[in-house]
Amino acid sequence: MLSEKLYKAINDQINAELWSAYLYLSMSMDCEAKGYKGIANWFFVQFQEEQDHARIFMNYLNSRDAKVELLPIAEVAVQWDSVLDMFKDTLAHEKKVTAMINNIAAIANEDRDYASINRITWFIDEQVEEEESARDMIAAFESVEGNKYGMYMLDKELAARVYTAPSPLAAE
Ligand code: MG
């Protein structure tokens, strides 16, 4: 059985992942409105991945005989000054998520809950990738600041991103 503290941290994390999904959906819609279809696609894939993260945690609570209790999703920004600002916000947000994931790992460690440690390890690796990809995007968009052709080419490049189910769900 999960400890009350660990249960609460994971249940809260479901809300945080759904809020992340909502944030990236909002960025996607802001890109659509500004004519950046490729960047909108990139954020839409991110939106799908965040829903998967929530799903992985929901499946995990269910499998441990703990009830998922969905919480209200707070509002998100609807407009950004630039795409660069979106990716800066993305990095700042993912750093917060990393801290939350690390907190879950610390509680699972205190509890010697080895199944939870195993489950959270996937997320620890995932956060390294999330922060790295946000940093890469910041570097890419900084390099084309004020350059319309550069923006056009990056937008085209990001149109190629395709959604794939994460391994914990693909294995089901
Ligand atoms: Mg996530």
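The values are calculated or read from the model by the stated rules, or taken from the named source; none is laboratory data. Every value quoted in this text rests on a predicted model; they were computed, and no experiment measured them. FYI the Cβ positions are ideal-geometry reconstructions off the backbone, even for glycines, and counts take in every protein chain you see. Each accessible area value is taken on the protein alone, full model and side chains, heavy atoms only, with ligands, DNA and RNA left out. Shrake-Rupley method; radii C 1.70, N 1.55, O 1.52, S 1.80 Å.
Hey, among the residues in the range 61-81 that are over 19 Å from the mean Cα position of the chain (by Cα) and open to solvent by 80 Å² or more (accessible area, probe 1.4 Å), which one's nearest to Leu18 (Cα to Cα)?
Glu69
Looking only at the range 139-161, how many residues end up being open to solvent by 70 Å² or more (accessible area, probe 1.4 Å), closer than 13 Å to Leu84 by Cβ and assigned to a helix (DSSP H, G or I)?
2
If only one of Ala159, Ala170, Ala105, Ala139 is farther than 25 Å from Gln13 by Cα, without any contact (Cβ under 8 Å) to a residue 40 or more places away in the chain and not polar (S, T, N, Q), which one is it?
Residue meeting the stated conditions: Ala139.
Please go through the range 54-89 and give me each residue that is away from the ligand (no atom under 16 Å from the Cβ) and among the charged types (D, E, K, R), ordered by number.
Result: Arg64, Asp65, Lys67, Glu69, Glu75, Asp81, Asp85, Lys88.
Which of the numbered conditions does Val45 fail, given that it passes all the others? Conditions: (1) among the aliphatic types (A, V, I, L, M); (2) under 23 Å from Ala170 (Cα atoms); (3) touching an Asp or Glu at 6+ places or on another chain (Cβ under 6 Å).
Unmet condition: (3).
Would you say Glu130 is within 16 Å of the ligand (Cβ to nearest atom) and of a type in the set (Asp, Glu)?
Against the criterion (within 16 Å of the ligand (Cβ to nearest atom) and of a type in the set (Asp, Glu)), Glu130 qualifies.
Can you confirm whether the range 89-112 contains a residue that is open to solvent by 50 Å² or more (accessible area, probe 1.4 Å), assigned to a loop (DSSP other than H, G, I, E, B) and farther than 30 Å from Lys37 by Cα?
Checked the range 89-112: at least one residue is open to solvent by 50 Å² or more (accessible area, probe 1.4 Å), assigned to a loop (DSSP other than H, G, I, E, B) and farther than 30 Å from Lys37 by Cα.
Residues are listed down the side, and each one gets a yes or a no for (1) open to solvent by less than 10 Å² (accessible area, probe 1.4 Å); (2) assigned to a helix (DSSP H, G or I); (3) more than 15 Å from the ligand (Cβ to nearest atom):
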residue: Met1; (1), (2), (3): no, no, yes
residue: Lys8; (1), (2), (3): no, yes, yes
residue: Gln13; (1), (2), (3): yes, yes, no
residue: Ser20; (1), (2), (3): yes, yes, no
residue: Ile39; (1), (2), (3): yes, yes, yes
residue: Phe43; (1), (2), (3): yes, yes, no
residue: Phe47; (1), (2), (3): no, yes, no
residue: Asp52; (1), (2), (3): no, yes, no
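Taking into account only those residues within the range 27-37 that are more than 13 Å from the chain's Cα centre (by Cα) and assigned to a helix (DSSP H, G or I), which is nearest to the ligand (Cβ to nearest atom)?
In this case the residue turns out to be Ser28.
I need every pair where a residue in the range 9-25 that is within 11 Å of Glu94 (Cα to Cα) has its Cβ under 7 Å from the Cβ of a residue that is modelled with pLDDT of 95 or more and open to solvent by 20 Å² or more (accessible area, probe 1.4 Å), sequence separation at least 6 or different chains.
Filtered contacts from the range 9-25: Ala16/Met100; Ser20/His93.
Scan the range 98-121 and tell me whether some residue there is farther than 22 Å from Arg64 by Cβ, of a type in the set (Phe, Trp, Tyr) and more than 16 Å from the ligand (Cβ to nearest atom).
Step one: filter the range 98-121 for residues farther than 22 Å from Arg64 by Cβ, giving 98-99.
The next check asks that each one be of a type in the set (Phe, Trp, Tyr); those that pass are none.
Among the residues of the range 98-121, not one is farther than 22 Å from Arg64 by Cβ, of a type in the set (Phe, Trp, Tyr) and more than 16 Å from the ligand (Cβ to nearest atom), which makes the answer no.
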